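Asker: First the structure, which I've put down as structure tokens, then a few questions once you've had a look.
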Amino acid sequence: MHALLDELSRRKKQAIAVVADLIVLPIALWTAFALRLGEINPDITDYWPSFVICVCVAIPMFGRLGLYRQVIRYMGNHAMLAVVKGSLVAAIAIVPYALYVPSFPDSVPIIFLLLSLLYVSGTRFAVRAYVQSLIRGTAREAVIIYGAGSNGIELARLLHQQGEYEPIAFLDDDKKMQKSSMDGIYVYPPKQLHWLLKDSNAKQVFVAINDDAQTRRDILEFLEKYAVRVRLIPDLGELVAGRLSLASLRDVSIEDLLGRDVVEPLPHLLEQSVLNRTVMVTGAGGSIGSELCRQILRQNPRMLVLLDQSEFGLYQIHRELLAIAHKQDLKVPLVAVLGTVTDKPMLLRTLRRYSVETLYHAAAYKHVSLVENNIIQGLKNNTFGTLYCAQAAMDSGVNDFILISTDKAVRTTSVMGASKRLAELILQALQQESESTQFSMVRFGNVLGSSGSVVPLFLEQIENGGPVTVTHADVTRYFMSIPEAAQLVLQAASLGRGGDVFLLDMGEPIKILDLARRMIRLKGLSVLSEENPTGEIAIEFTGLKPGEKLHEELLVGSTVTGTDHRKIMRAEEHFVPWKELRGALKTLEQACETFDYDVVRKFVEGLVKGADIETQLGDLTPRAGVVNLKRSDT
């Protein structure tokens, strides 16, 4: 029986409901006469027009009020309200006839109203109870689809076929679509979502709209107010490529919340430092490094050399790139080199052996708290790893060297930021000594989905029932997606003139507390707080970790100019000449080799912090409140 009901089209189910009402409405009126006259078989010969009136008025009224568009299995308050209104209008319509016929019992319209409410709603609740008893073990979950266009209709059909979900309504902003039926499912204006959720047991809204990022963000902001889990259809590119179907729904990501519109890349900038060149990426297995490799591969370099000290990370990206090259028929040789950027002989040999022309230096330790407690290793990898790579690049004739830097290098309060600021100073200084290699730095904030990002942590905490941990109520961060960041890095490399510091447009900083709240709400959950003691997920403040700042910056100085790309800016910043920097670096290098923490602490505090760097070169006295390096290296 369950299978038979499922096979019936929406139209046939609606027709059955109409026929049922055509039967029960006359029965309700006949019963009203029987009760009023006190007869089991009342004589209604003189009153037959009232039966015609009640049916002809009630059925169209029910239809206009949307009763026949309701899915009986999920019928709720909205359907009951339609029954009340329709029955009331039908009862009132009988009154003029009752006044016209002197013998017509005056109380029959009132009794009919009560009985029609009982019969019409009762038949539906009886059917609902029966259907639910049939499918109790395999009940479909009621869902609402936002977007009644082609994607929404196709999604509804796929969900019906899969059998796990039952689309009960469409929401759409297009007024032309509203109050219509799409494939048997009624289209409501979004403002009626509150009533839909009350009238049904729907707990999820599937967004079937693939418009621009701003439109999607507006929809998500609207849905945040409701206690529903929001899921999205895959991106259009995935659908077109055939890798995913519409039914491959995904949860809302941080990229969706930010709503950043992707700026189309400038083709000549994308390929200028890559096309027909041998390109090497350090840190190729990391978040940014691996995405750089993917995008570089698609620009047809002569050869792509991958360097990483993580065997597993290098294996993973090498295997993935081989698959991409095979699928897209890219004849690009891929070389995987297992090693560290602190190995100077290996770096020089690799660059010379493969005649590398462009080097993207993404290898770095980036976890602030870890580097705070591993000072020596952090400086060796981030600062001296950059120095060794730069010197090897100059000695082997590399044309372009691009450093992936960070906003934490600006007025830093952390060892990680200090180590990256030193790396920037090294490249700026070496540029004055280099005759063939052109050095550039690209500075940007957090990337979404990286191993150090707060977003995966929040998702894990929400899935585990909380609490979600936020360092401070006012902390803000810049965010950018990994693909967008890598794409802009490739284009910035082509804009370099030597010693450039490029800043990527990160948009407005995001308040981390607001981000946590939004992620909780869009999972269909609520925040547990004093104002909402019935919430599911609590937010706890853990305090800023050593080296962390409330707000990050991208600019050291005050001078910034535009470039050919509207999301890439060039900063004019002061730097230290190589002859002045070289001796200080030598002192620091020796201190790292001998684990002399006093010298390391004085150097980092004195050199990196502050605008007048030349003065600080000669003053290695530690200053209070700058960088706390009094800890042991593990």
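The values are calculated or read from the model by the stated rules, or taken from the named source; none is laboratory data. The structure presented is a predicted model; accordingly, all values stated were derived computationally and were not measured. Here the Cβ positions follow ideal geometry from the backbone for every residue, glycine too, while neighbour counts run over all protein chains shown.
Asker: Return yes or no: is V442 crowded, with 20+ Cβ neighbours inside 10 Å, out of contact with any Gly (no Cβ under 7 Å at 6 or more places or on another chain) and modelled with pLDDT of 80 or more?
Answerer: For V442, the condition - crowded, with 20+ Cβ neighbours inside 10 Å, out of contact with any Gly (no Cβ under 7 Å at 6 or more places or on another chain) and modelled with pLDDT of 80 or more - is met.
Asker: To continue, here is another question. Identify, please: which residue in the range 265-278 is in a loop (DSSP other than H, G, I, E, B) and among the polar types (S, T, N, Q) and is, among those, surrounded by the fewest Cβ atoms within 10 Å (Cβ to Cβ)?
Answerer: For the range 265-278, the residue satisfying everything is N276.
Asker: Assess whether A79 counts as being assigned to a helix (DSSP H, G or I) and either within 28 Å of H194 (Cα to Cα) or assigned by TED's automatic domain parsing to the domain that holds Y186 (or both).
Answerer: Yes: the conditions hold for A79.
Asker: Let me ask something additional. Out of (1) of a type in the set (A, V, I, L, M, F, W, C); (2) outside the structural domain of D199 (by TED's automatic domain parsing); (3) at pLDDT 85 or above, what's the single condition that is false for L171?
Answerer: Of (1) of a type in the set (A, V, I, L, M, F, W, C); (2) outside the structural domain of D199 (by TED's automatic domain parsing); (3) at pLDDT 85 or above, only one is false for L171: (2).
Asker: Which of the numbered conditions does L292 fail, given that it passes all the others? Conditions: (1) touching a Ser or Thr at 6+ places or on another chain (Cβ under 8 Å); (2) modelled with pLDDT of 85 or more.
Answerer: (1)
Asker: Sticking with this one: Among the residues of the range 189-214, count how many are within 20 Å of the chain's Cα centre (by Cα), in a helix (DSSP H, G or I) and surrounded by 14 or more Cβ atoms within 10 Å (Cβ to Cβ).
Answerer: 1
Asker: The conditions are (1) modelled with pLDDT of 70 or more; (2) more than 17 Å from T386 (Cβ to Cβ); (3) within 43 Å of the chain's Cα centre (by Cα); (4) surrounded by 12 or more Cβ atoms within 10 Å (Cβ to Cβ), and E589 fails exactly one of them. Which is it?
Answerer: (2)
Asker: Evaluate the following for S310: is it surrounded by fewer than 24 Cβ atoms within 10 Å (Cβ to Cβ), within 18 Å of L490 (Cβ to Cβ) and of a type in the set (S, T, Y)?
Answerer: Considered against the rule, which asks whether it is surrounded by fewer than 24 Cβ atoms within 10 Å (Cβ to Cβ), within 18 Å of L490 (Cβ to Cβ) and of a type in the set (S, T, Y), S310 comes out as no.
Asker: Test each condition in (1) of a type outside the set (V, I, T); (2) modelled with pLDDT of 80 or more; (3) surrounded by fewer than 17 Cβ atoms within 10 Å (Cβ to Cβ) for D21 and report the one that comes out false.
Answerer: Going through the list (1) of a type outside the set (V, I, T); (2) modelled with pLDDT of 80 or more; (3) surrounded by fewer than 17 Cβ atoms within 10 Å (Cβ to Cβ), D21 breaks only (3).
Asker: Scan the range 157-179 residue by residue and report those that are closer than 22 Å to Q14 by Cα, touching a residue at least 24 places away in the same chain (Cβ under 8 Å) and not aromatic (F, W, Y).
Answerer: If the condition is that a residue be closer than 22 Å to Q14 by Cα, touching a residue at least 24 places away in the same chain (Cβ under 8 Å) and not aromatic (F, W, Y), then R157, L158, L159, G163, E166, P167, I168, A169, L171, M177 are the ones that fit.
Asker: Looking only at the range 279-333, which residues are in a loop (DSSP other than H, G, I, E, B) and either closer than 26 Å to R443 by Cα or under 24 Å from the mean Cα position of the chain (by Cα) (or both)?
Answerer: Result: G283, A284, G285, G286, R298, Q299, N300, P301, Q309, S310.
Asker: Still on this structure, I have one more. Please work out if V84 is at pLDDT 80 or above and either of a type in the set (A, V, I, L, M) or not assigned by TED's automatic domain parsing to the domain that holds K12 (or both).
Answerer: So V84 passes the test.
Asker: So, one more: How many residues are modelled with pLDDT of 80 or more, among the small types (G, A, S) and either surrounded by fewer than 18 Cβ atoms within 10 Å (Cβ to Cβ) or touching a strand residue (DSSP E or B) at 6+ places or on another chain (Cβ under 8 Å) (or both) when one looks only at the range 39-79?
Answerer: 1
Asker: So if I check each of I520, I462, which one is within 25 Å of the chain's Cα centre (by Cα), touching a residue at least 60 places away in the same chain (Cβ under 8 Å) and outside the structural domain of V207 (by TED's automatic domain parsing)?
Answerer: I462
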